[in-house]
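Participant: This is the structure I have questions about; it appears just below.
The values are calculated or read from the model by the stated rules, or taken from the named source; none is laboratory data. Only a predicted model underlies this, so the values are computations on that prediction, with no experimental measurement involved. Glycine also receives a Cβ, built like all others from the backbone with ideal geometry; neighbour counts cover every protein chain displayed. Protein only, heavy atoms only, side chains kept; ligands, DNA and RNA dropped before computing areas. Shrake-Rupley method; radii C 1.70, N 1.55, O 1.52, S 1.80 Å.
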Amino acid sequence: MARAQLFILAQATFAVFTLSEDVSTPKPKKVLDTVMSPAYIPPEEKHGSYWKKSAATTLKSKLKETINTDKAKNGILFIGDGMSLATVMAARTFAGQMERGLGEENVLEFETFPVTGLARTYCIDAQVPDSACTATSYLTGVKTKYGVIGLDGNVTRGSCYSQLHKGNWASSIGQWALENGLDVGFVTTTRVTHASPAGMYAHTSERNWESDADVPEECLSLGCQDVAYQLIMNNPGRQYKVIMGGGRKMFFPNTSTPLAKSTGMRLDGVDLVEKWHEDKMRKNATHQYVTNRDELMKIFSSDDLPEYLLGLFHDDHMEYHLKANNQPTLEEMVEVAIKMLNRSAKGYFLFVEGGRIDHAHHDSYARLALDETVEYAKAVKKARSLTNEEDTLIVVSADHAHTMTVAGYPSRGNDILGSVDTAKGDDGKSYTAISYANGKATSIGSNGRIDVTLKDEFKNGALNFSYPSLVPLDSETHGGEDVAVFALGPWQHLFTSSYEQTVVPHLMAYAMCLTEDKHKNCETKTHHRRFWTSNGVNNKPNVFIYVISVCAVIISCLRL
């Protein structure tokens, strides 16, 4: 009898554990016992064979990879300012959900690059870095102090004497490229004088000295120059073929001028755009200054590109993509830049910054931060489509992280910008999947934790809704964790492992033969000619045209 009862009990227990997935389950007592409730799971994913096949496909792809040790004729460095790994995960999910997918299975363009590494981002005096010391790291290969650009660690922040001593200067990979005969340019969605792009050309002990109005009078009297002045008047900045971004007010006097769309902030009365024009006239070089998308696209559509291009599309930082009006996207600016720089027979170096990811995070505007990351990924995709991975090295990374996190055990496919669907907090209130360790959105009120999911801004998906944070601050801070580095092209295999952020420009320079330590293919490797259409798109070689060209050369030689 006892055996029969045990058998019946065992059958009942088995029945409980084999109920269909749609049977309701009691609320778990522990968080780790959370029961998920996804709206949909792709049927094929429920079978182990699907994942084994997926792994096999990845393995086969990896086994087919070959090491390319040819010279990298061109180099493109993409920096997503503040693009932490959490941001990458959330942005890929956001992009997938925008396309009506579950989201988690989506992949951003640079995530398909074959090689990935990790870079350590600290400053020599700070555990968590800023964009100035990191720009110095990934553009000059030298770590420095917080708030300092293009100078080594022997400087004191805000000290003019430190800035003037050329022994402290750290040159950028942009300058290295110029010294080797390459063309150089940079594109950013921030002010072109902001910390990240300034690492391409400036030497300043204070990142905030963007115009002369920002520099203390005693420093100006000693000869310290602001960042905008250095870009236009000094090398290497004035040698750059392409400069695009925001920050128009840094270049014009605080009185109206013919070229300015609005009043600038310079106190020295100098019109730096006019100075840029005069410099190009002395060089007898064609050049164009543009201020909006229409003007830029007119140049792009032209058969006669200028030798130099300066685009200042906003008085301050460029607008967020979702708020922009007659402003080029990062993708469009990259396309124009590559079309211009590709004319160089010796190659080029291009720096691209998706800078407003960082600004959105500082305001805890998660929706804007994710959209800016998606736009950044589109720019990477465009660059990849316009170049040849056989001779162009593309490196994608970030300068630093942020405190944003994705947590709370939401179900698969749950709105990445929504509330966690599986449970509430112990206080009985809902909470968002995305939150910040610190920031401008206060989370705790007089009655305990604030349920932000009840706010209209959250319900309506307002662009300026600040996601909750634990520590109230006027601006959310950076994070100190490592950032990912993605690489595609010649010598991509060098970018594996974990290393200091300062290694990045040195690896790129080695691949591009910009250093004294040159690999064997720097001089001996001959690159095949690539044929380009009028819009700069890289097409496969036209065999007929190639044969005709060779025949023409042979006939010419025979005549001699």
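Participant: Within the group GLY237, GLY185, GLY174, GLY264, which residue is under 15 Å from TYR289 (Cα atoms) and surrounded by 22 or more Cβ atoms within 10 Å (Cβ to Cβ)?
Facilitator: GLY185
Participant: Evaluate the stretch 205-214: report whether one residue or more is polar (S, T, N, Q), in contact with a Phe, Trp or Tyr (Cβ under 9 Å, 6 or more places away or on another chain), free of Cβ contacts under 8 Å to residues at least 24 places away in the same chain and farther than 15 Å from SER172 by Cβ.
Facilitator: Within the stretch 205-214 (the criterion being polar (S, T, N, Q), in contact with a Phe, Trp or Tyr (Cβ under 9 Å, 6 or more places away or on another chain), free of Cβ contacts under 8 Å to residues at least 24 places away in the same chain and farther than 15 Å from SER172 by Cβ), the answer is no, since none of the residues qualifies.
Participant: Does the stretch 381-389 include one or more residues that are open to solvent by less than 10 Å² (accessible area, probe 1.4 Å), out of contact with any His (no Cβ under 9 Å at 6 or more places or on another chain) and in contact (Cβ under 8 Å) with a residue 24 or more places away in the chain? Reasoning before the result, please.
Facilitator: So in the stretch 381-389, the residues open to solvent by less than 10 Å² (accessible area, probe 1.4 Å) come out as 383, 386.
Now drop any that are not out of contact with any His (no Cβ under 9 Å at 6 or more places or on another chain), which leaves 383, 386.
Now restrict to residues that are in contact (Cβ under 8 Å) with a residue 24 or more places away in the chain: 383, 386.
Within the stretch 381-389, one or more residues are open to solvent by less than 10 Å² (accessible area, probe 1.4 Å), out of contact with any His (no Cβ under 9 Å at 6 or more places or on another chain) and in contact (Cβ under 8 Å) with a residue 24 or more places away in the chain.
Participant: Considering GLY199, GLY150, which residue is within 17 Å of HIS400 (Cβ to Cβ), open to solvent by less than 10 Å² (accessible area, probe 1.4 Å) and of a type outside the set (Val, Ile, Thr)?
Facilitator: GLY199
Participant: Another question, if that's okay. Output the number of residues of the stretch 337-360 satisfying the condition of being closer than 18 Å to THR392 by Cβ, out of contact with any strand residue (DSSP E or B) (no Cβ under 6 Å at 6 or more places or on another chain) and crowded, with 24+ Cβ neighbours inside 10 Å.
Facilitator: Qualifying residue count for the region: 1.
Participant: From the list LYS280, LYS275, which one is open to solvent by 10 Å² or more (accessible area, probe 1.4 Å), modelled with pLDDT of 95 or more and not in a loop (DSSP other than H, G, I, E, B)?
Facilitator: Exactly one of LYS280, LYS275 is open to solvent by 10 Å² or more (accessible area, probe 1.4 Å), modelled with pLDDT of 95 or more and not in a loop (DSSP other than H, G, I, E, B), namely LYS275.
Participant: Could I ask something else about it? Take the residues of the stretch 289-332 that are in contact with a helix residue (DSSP H, G or I) (Cβ under 6 Å, 6 or more places away or on another chain) and open to solvent by 40 Å² or more (accessible area, probe 1.4 Å): which is nearest to HIS194 (Cα to Cα)?
Facilitator: ASP315
Participant: Starting from the stretch 32-61, take each residue that is within 30 Å of ASP426 (Cβ to Cβ) and list its partners that are among the aliphatic types (A, V, I, L, M), counting only C-beta distances under 6 angstrom and pairs at least six apart or across chains.
Facilitator: THR34/ALA423
Participant: Take the stretch 68-121 and flag every residue that is among the basic types (Lys, Arg) and more than 21 Å from GLY461 (Cβ to Cβ).
Facilitator: Listed by number, the residues that qualify are LYS71, LYS73, ARG120.
Participant: Looking at LYS424 and the list (1) more than 19 Å from MET98 (Cα to Cα); (2) touching a residue at least 24 places away in the same chain (Cβ under 8 Å); (3) of a type in the set (Lys, Arg), which single condition is not satisfied?
Facilitator: With (1) more than 19 Å from MET98 (Cα to Cα); (2) touching a residue at least 24 places away in the same chain (Cβ under 8 Å); (3) of a type in the set (Lys, Arg) applied to LYS424, the lone miss is (2).
Participant: Just give me the residues in the stretch 409-424 being open to solvent by 20 Å² or more (accessible area, probe 1.4 Å) and either closer than 25 Å to HIS478 by Cα or not aliphatic (A, V, I, L, M) (or both), in sequence order.
Facilitator: Selection gives TYR409, PRO410, ARG412, GLY413, ASN414, ASP415, SER419, ASP421, THR422, LYS424.
Participant: Still on this structure: In this structure, does SER498 turn out to be open to solvent by 20 Å² or more (accessible area, probe 1.4 Å) and assigned to a strand (DSSP E or B)?
Facilitator: Numbers: open to solvent by 20 Å² or more (accessible area, probe 1.4 Å): yes; assigned to a strand (DSSP E or B): yes.
So SER498 fits the description; yes.
Participant: If you scan the stretch 430-452, which residues turn out to be farther than 18 Å from ASP363 by Cα, among the hydroxyl-bearing types (Ser, Thr, Tyr) and surrounded by 14 or more Cβ atoms within 10 Å (Cβ to Cβ)?
Facilitator: Matches in the stretch 430-452: SER430, TYR431.
Participant: Sticking with this one: Quick check, is MET244 under 25 Å from GLU335 (Cα atoms) and in a loop (DSSP other than H, G, I, E, B)? Steps first, please.
Facilitator: Numbers: under 25 Å from GLU335 (Cα atoms): yes; in a loop (DSSP other than H, G, I, E, B): no.
Here the answer is no, as MET244 does not meet what is asked.
Participant: Criterion first (at pLDDT 95 or above, farther than 20 Å from ASN74 by Cβ and not charged (D, E, K, R)) does TRP209 satisfy it? Spell out how you get there, then give the answer.
Facilitator: On the way: at pLDDT 95 or above: yes; farther than 20 Å from ASN74 by Cβ: yes; not charged (D, E, K, R): yes.
Yes; evaluated as a whole, the condition is true for this residue.
Participant: Please give the helices (runs of 4 or more DSSP H) falling wholly within the stretch 1-120 in which 2 or more residues are open to solvent by 40 Å² or more (accessible area, probe 1.4 Å) and at pLDDT below 95.
Facilitator: Per the criteria, 2-17, 48-64.
Participant: How about the stretch 296-409: which helices (runs of 4 or more DSSP H) wholly inside it have at least 2 residues that are in contact with a Lys or Arg (Cβ under 6 Å, 6 or more places away or on another chain) and not aromatic (Phe, Trp, Tyr)?
Facilitator: Output list reads 330-341.
Participant: Out of the stretch 216-230, which residues are surrounded by fewer than 24 Cβ atoms within 10 Å (Cβ to Cβ) and of a type in the set (A, V, I, L, M)?
Facilitator: LEU220, LEU222
Participant: Hey, does the stretch 126-136 have a residue that's open to solvent by 30 Å² or more (accessible area, probe 1.4 Å), within 17 Å of the chain's Cα centre (by Cα) and at pLDDT 95 or above?
Facilitator: Within the stretch 126-136, the subset open to solvent by 30 Å² or more (accessible area, probe 1.4 Å) is 127-128.
Right, trim to within 17 Å of the chain's Cα centre (by Cα) and you get none.
No, because not a single residue in the stretch 126-136 is open to solvent by 30 Å² or more (accessible area, probe 1.4 Å), within 17 Å of the chain's Cα centre (by Cα) and at pLDDT 95 or above.
Participant: Write out, first by first residue and then by second, each pair whose Cβ atoms fall under 8 Å of each other, whose residues are 6+ apart or on separate chains, and whose first residue, in the stretch 453-473, is without any contact (Cβ under 8 Å) to a residue 24 or more places away in the chain while the second is β-branched (Val, Ile, Thr).
Facilitator: LYS459/THR453
Participant: For the list (1) out of contact with any helix residue (DSSP H, G or I) (no Cβ under 6 Å at 6 or more places or on another chain); (2) open to solvent by 20 Å² or more (accessible area, probe 1.4 Å); (3) of a type outside the set (S, T, N, Q); (4) over 24 Å from HIS402 (Cβ atoms), I need the number of the one condition that GLY489 fails.
Facilitator: Exception for GLY489: condition (2).
Participant: For GLY448, which of the numbered conditions (1) in contact with a Leu (Cβ under 8 Å, 6 or more places away or on another chain); (2) on the phi > 0 side of the Ramachandran plot fails to hold?
Facilitator: (1)
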